[in-house]
Amino acid sequence: MEEARLNTVAADNMEYLLIDAYNVINAWRDVFDLNAMSLEDCRDKLLHIVSNYGGYMGDDLDIMVVFDAHMVRGARRKGKGAPEPFGNISVVYTRENETADNYIERFVYLNGETNVVRVVTSDFLEQTMILRKGGVRILPRELKQEIMNTALENRHDPFAKRAGGGVTAEAHRRKINTVDANIEGETAARLEKMRRRG
C-alpha cells in the first residue's frame, strides 16, 4: 500500500526535485518574515515561487513541495499524504503521524535508483539518509541561487514583494558574496547565457 502511494508519482528516468517546505521557509529568512507573515502566507508564497521556477524548467523537472502535516488532525488536514497538483508542481501534505522527512526518505528509497532525485533540505540527518539512499541533496541557499539564476535569465523577480513582504532580486544578489553578485543584471544574464552554451 505505502509503496503504491509513492510509486504513483514516480516514473523511471525522470528528474525529481523534492522540497522540504518548512525547512526552506525557515532557511530563507530574507524572503519569509515569520514575525510579520502567517504560516499560510508563507506556504502560499513558497508555492508560487517554486511554481514560477518550475514553469521555466519545463517538463525536464518534476517538482514536489512536501509540507509536514503530521501533527494536524481531522478536519483541519489539507491532504492525505498523496501529491496534489498546484499549477505545474505537486504539493504533498503528509499524513497524520508522518513527517516530511519520512515521506521524502521513502520516496528517495523507492525511486532513487531509477531516477535522479534531488532533495532540498538543510537538515543534516535527512541529508545523510538521502545520500545513502541514492538521492542528491541541495541546500536551501543553493535552490535560492538556482531560482535567482533562472530569474536573471528570464528577467523577472521571483522574490518580488507579494502579500506578506519579500526582497527584490537585486537586493538578494547584493547579499550573496560571489563574483556574479557584483555584476549588473544585463551583464550577468549575458555571462550566464554564455556559460550555459558551453
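The values are calculated or read from the model by the stated rules, or taken from the named source; none is laboratory data. Computed from a predicted model, the values in this text were never measured in an experiment. Positions of Cβ are generated from backbone atoms using ideal geometry, with glycine treated the same way; all protein chains shown enter the neighbour counts.
Observations on the structure shown:
- Within segment 17-51, tally of residues that are assigned to a helix (DSSP H, G or I) and among the acidic types (Asp, Glu): 3
- Against the conditions (1) aromatic (Phe, Trp, Tyr); (2) farther than 15 Å from VAL65 by Cα; (3) in contact (Cβ under 8 Å) with a residue 60 or more places away in the chain, TYR109 satisfies every one except (3).
- Options LYS133, LYS144; residue that is farther than 22 Å from ASP30 by Cβ and of a type in the set (Lys, Arg): LYS133
- Sub-7 Å Cβ pairs linking a first residue in segment 131-158 that is under 24 Å from LEU110 (Cβ atoms) to a second residue that is surrounded by fewer than 16 Cβ atoms within 10 Å (Cβ to Cβ) and small (Gly, Ala, Ser), at least 6 apart or interchain, number zero.
- The one condition in (1) surrounded by fewer than 21 Cβ atoms within 10 Å (Cβ to Cβ); (2) in contact with an Asp or Glu (Cβ under 6 Å, 6 or more places away or on another chain); (3) modelled with pLDDT of 90 or more that HIS48 fails to fulfil: (2)
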